[in-house]
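What follows is a short report on a single structure.
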Amino acid sequence: MAVFPGTKLGPYENMRLHKTAVTFTSFLALTVVLFSEGIAQSIAQTNSHPARAAERTGAPGFSDAGKAALSSQLSNAVIRGDAPGVVALVVGRDNVLYAGAAGKLDVAHDIRMPVNAIFSIASMTKPVTSVAVMMLFEEGKLKLDDSVSKYLPGFDNLQVITKFNERDATYETRPAKRPMTIRHLLTHTSGIGYGFANPIEYRLTEATKKDEWELPLLNDPGDKWNYGPSTALLGKIVERITGESLEACFQKRIFQPLGMTDTSYAVPPAQQPRLATKYTRLYGLLQAQPGRKIPSTPTPPFHGDGGLYSTAQDYGKFMQMLLNGGRLGPARVLSESSVKMMGENNIGSIFVELQPGADIQLTKPFPLGAGHDKFGLGFQIASGDPQHARFRSPGSMSWAGLFNTEFWIDPVKHIGGVIMMQVLPFYDDGALRTLRDFEELVYHNPR
């Protein structure tokens, strides 16, 4: 398979967690005091200002009571210790319906979470890359069923694992039954998996020190859904076709037209105080991850499957563009037909499958809807079964980032929601509860 010298395409940015430095104990102690005095809710609402942020939008949709309920839900999530801090946003096609924040941007320094906090959105980069691919599709510069080998060398003699020995990581292979295509990359049916999410890939990457795209495939392209670095390869294809870096391409074609001024592969020095601290839940406690240098200027290589920094407000504009069939205000990014294709089942009779997780510091099993949902071109598509599409409408588009940033776009109710935290592991129980509680309240809220 193709090897790109000097390039690491993993979504978790070469991260292997260290033992953490700053504990969350003092924050949990404060929570106990607040509960014992029975004043937690009023203090959280006073200090986090989520309701005032929502009022500034001046947009219809939620009543004052509804906005207050959403703000209280976020504050209560922090009080429970589900997350140190959280920002949430709900948009309609042309306006912001709610924006709120609760908790701390940085617990150790007692910095409250602002509504415009900047987050590492990790795999929420993937839908942006997918939109860029669809723009090239519209321009006739690629076809969805083109072979990947047309654009990247080393993908014309694919091998599939037929037998794997977990003890010594040896394996047997056979030639793949069909080529890997652009559509396979967009739908995560390429046969490539992530090491942190798939036990075989995890064992192979540990044993061989190779990256996932250098290894034989887990299955034939098109036969099975495996979450992996497929979108990283799409990013390389975008760069090859456009002759631009992903940063330059995204800024010119997506971020600037949509007014996404805080979204980039870097955070300028003046804006870095708005960066949310990352935390890991270890032994039941949230602990701050060791600090690391954040790029202040965009520096390649750029990854199609991760690496962007953004805000809830910026990502809300991206969601509004999709809610409006590819347009936001005067800017048209995609045609309505392309957005429709992205939100349709593109994996036929197969389903999104539960990824068991292999690195427990990075992820628990995911995603919600596994075994029932479909996948479009860059998005998970909610099932039509009401047992599994409990709140968002069937056909809703969604995805998430490793640090528990999550979004959904509901084309039936014409709303989109995004909730951002910076907590590991992915699908942490507290973070997942915060998402589900917020989503439920969005759909069952006074209007």
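The values are calculated or read from the model by the stated rules, or taken from the named source; none is laboratory data. As the structure is a prediction and not an experimental result, all values here were calculated from the model. When we count neighbours, we look across all protein chains shown, and the Cβ atoms used for this are built from the backbone with ideal geometry, even at glycine. Only protein heavy atoms, including side chains, enter the accessible area calculation; ligands, DNA and RNA are left aside. Shrake-Rupley method; radii C 1.70, N 1.55, O 1.52, S 1.80 Å.
Is at least one residue of region 97-108 more than 21 Å from Ala431 (Cβ to Cβ), at pLDDT 95 or above and among the charged types (D, E, K, R)? Taking every residue of region 97-108 in turn, none turns out to be more than 21 Å from Ala431 (Cβ to Cβ), at pLDDT 95 or above and among the charged types (D, E, K, R).
For region 397-447, a residue qualifies if it is under 21 Å from Val115 (Cα atoms), in a loop (DSSP other than H, G, I, E, B) and among the aliphatic types (A, V, I, L, M), and the qualifying residues are Leu402, Met421. Of the residues making up region 295-351, those that are assigned to a loop (DSSP other than H, G, I, E, B) and aliphatic (A, V, I, L, M) are Leu308, Val333, Leu334, Ile347, Ile350. Only residues that are open to solvent by 10 Å² or more (accessible area, probe 1.4 Å), part of a loop (DSSP other than H, G, I, E, B) and modelled with pLDDT of 95 or more were counted in region 379-392, giving 1. Scanning region 270-284 for residues that are more than 19 Å from Gln361 (Cα to Cα) and of a type outside the set (Gly, Ala, Ser) returns Gln271, Gln272, Pro273, Arg274, Leu275.
Within region 64-96, being open to solvent by 10 Å² or more (accessible area, probe 1.4 Å) and either acidic (Asp, Glu) or in a strand (DSSP E or B) (or both) holds for Asp64, Asp94, Val96.
Please verify whether region 31-49 includes one or more residues that are modelled with pLDDT under 95, buried (at least 17 other Cβ atoms within 10 Å of the Cβ) and either assigned to a loop (DSSP other than H, G, I, E, B) or aromatic (Phe, Trp, Tyr) (or both). There is at least one residue in region 31-49 that is modelled with pLDDT under 95, buried (at least 17 other Cβ atoms within 10 Å of the Cβ) and either assigned to a loop (DSSP other than H, G, I, E, B) or aromatic (Phe, Trp, Tyr) (or both). When the residues of region 264-284 are narrowed to those that are open to solvent by less than 60 Å² (accessible area, probe 1.4 Å) and of a type in the set (A, V, I, L, M, F, W, C), which ends up modelled with the lowest pLDDT? Within region 264-284, the match that is modelled with the lowest pLDDT is Leu282. Scanning region 429-447 for residues that are closer than 28 Å to Met342 by Cα, in contact (Cβ under 8 Å) with a residue 60 or more places away in the chain and open to solvent by less than 10 Å² (accessible area, probe 1.4 Å) yields Ala431, Thr434, Phe438, Val442. Those helices (runs of 4 or more DSSP H) of region 111-216 in which at least 2 residues are modelled with pLDDT under 95 and open to solvent by 10 Å² or more (accessible area, probe 1.4 Å), considering only elements entirely within it, cover 199-208. Scoring Ala370 on the criteria (1) more than 23 Å from Arg93 (Cα to Cα); (2) touching a residue at least 60 places away in the same chain (Cβ under 8 Å); (3) hydrophobic (A, V, I, L, M, F, W, C) leaves a single failure, condition (2). The numbered conditions (1) over 25 Å from Ser296 (Cβ atoms); (2) open to solvent by 50 Å² or more (accessible area, probe 1.4 Å); (3) assigned to a loop (DSSP other than H, G, I, E, B); (4) of a type in the set (Ser, Thr, Tyr) are all true for Thr261 except (1).
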